[in-house]
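Undergrad: Can you read through this structure? Questions will come right after.
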Amino acid sequence: MHELRRVPLGALGAAELRTLVAQRVGLPFTLPLAVRLLLEEPLLDAYFHEGDLLLAAVAAPASAWAMLPGPGARLRTVVGSLPEEAVARLPHGAAEELARFVAWS
């Protein structure tokens with residue numbers, strides 16, 4: 001993961017962003033990039049499973065999202081419109097994490 005800190009932001013792919021966001025590295029910079037991908041494909045399989053980037057993003061602390069109100073609001077809208085059957089295919093506990101994220105104001 002340390003080597004990812006040297007990769008230019010514009011060169012980061014979905015898998016790298018998932019790793020950095022999950023490790024809470026550079027969230028003011030990595031979260032907006034992740035959101036950009038997630039707005040196009042919310043259940044993107046970044047490396048491990050469908051929706052792994054989304055689950056890493058919604059697990060980011062509220063303090064990080066407070067600094068990014070626009071991207072957070074856009075992502076909450078997308079997450080809130082996901083079909084129930086798609087959410088049901090995600091790992092155990094994902095539905096609760098997504099609901100918690102949508103409920104943030």
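Undergrad: Residue check: is R5 exposed (fewer than 13 other Cβ atoms within 10 Å of the Cβ) and among the charged types (D, E, K, R)?
TA: yes
Undergrad: Kindly provide the set of residues from the stretch 72-99 that are touching a residue at least 12 places away in the same chain (Cβ under 8 Å) and not in a loop (DSSP other than H, G, I, E, B), ordered by number.
TA: G72, R74, L75, R76, V78, V79, G80, A86, A94, E97, L98
Undergrad: OK, next. Which of the numbered conditions does E3 fail, given that it passes all the others? Conditions: (1) out of contact with any Gly (no Cβ under 8 Å at 6 or more places or on another chain); (2) modelled with pLDDT of 95 or more.
TA: (2)
Undergrad: Then there's this: For the stretch 58-71, what are the residues that are in a loop (DSSP other than H, G, I, E, B) and either among the aliphatic types (A, V, I, L, M) or over 18 Å from A99 (Cα atoms) (or both)?
TA: A59, A60, M67, L68
Undergrad: Please count how many residues of the stretch 20-32 are more than 18 Å from E97 (Cβ to Cβ) and crowded, with 18+ Cβ neighbours inside 10 Å.
TA: Going residue by residue through the stretch 20-32, those that are more than 18 Å from E97 (Cβ to Cβ) are 20, 25-26, 28-30, 32.
If we keep only those that are crowded, with 18+ Cβ neighbours inside 10 Å as well, we get 20, 30.
Residues meeting the conditions: 2.
Undergrad: Using the structure shown, decide if A62 is free of Cβ contacts under 8 Å to residues at least 24 places away in the same chain and over 10 Å from the mean Cα position of the chain (by Cα).
TA: When the stated conditions are applied, A62 does not pass them.
Undergrad: Going by the structure shown, is V35 touching a helix residue (DSSP H, G or I) at 6+ places or on another chain (Cβ under 8 Å) and surrounded by fewer than 16 Cβ atoms within 10 Å (Cβ to Cβ)?
TA: Considered against the rule, which asks whether it is touching a helix residue (DSSP H, G or I) at 6+ places or on another chain (Cβ under 8 Å) and surrounded by fewer than 16 Cβ atoms within 10 Å (Cβ to Cβ), V35 comes out as no.
Undergrad: Find the residue count for the stretch 38-57, including only residues that are outside any helix (DSSP H, G or I) and surrounded by fewer than 22 Cβ atoms within 10 Å (Cβ to Cβ).
TA: 9
Undergrad: Continuing with this model, one more query. Take L33 and decide whether it is part of a helix (DSSP H, G or I), touching a residue at least 24 places away in the same chain (Cβ under 8 Å) and within 11 Å of the chain's Cα centre (by Cα).
TA: The answer is yes for L33.
Undergrad: Report the residue count in the stretch 62-99 for those that are closer than 22 Å to E50 by Cβ, of a type outside the set (G, A, S) and surrounded by fewer than 12 Cβ atoms within 10 Å (Cβ to Cβ).
TA: Counting residues in the stretch 62-99 that are closer than 22 Å to E50 by Cβ, of a type outside the set (G, A, S) and surrounded by fewer than 12 Cβ atoms within 10 Å (Cβ to Cβ) gives 6.
Undergrad: For the stretch 14-30: of the residues being charged (D, E, K, R) and part of a helix (DSSP H, G or I), which is nearest to G70 (Cα to Cα)? Quick ask: steps written out before the conclusion?
TA: To start, the set of residues in the stretch 14-30 that are charged (D, E, K, R) comprises 16, 18, 24.
Checking the rest, the ones that are also part of a helix (DSSP H, G or I) come to 16, 18.
Details: E16: 23, R18: 20 Å.
Result: R18.
The values are calculated or read from the model by the stated rules, or taken from the named source; none is laboratory data. The model shown is predicted, which means the values in this text are computed figures rather than measured ones. FYI the Cβ positions are ideal-geometry reconstructions off the backbone, even for glycines, and counts take in every protein chain you see.
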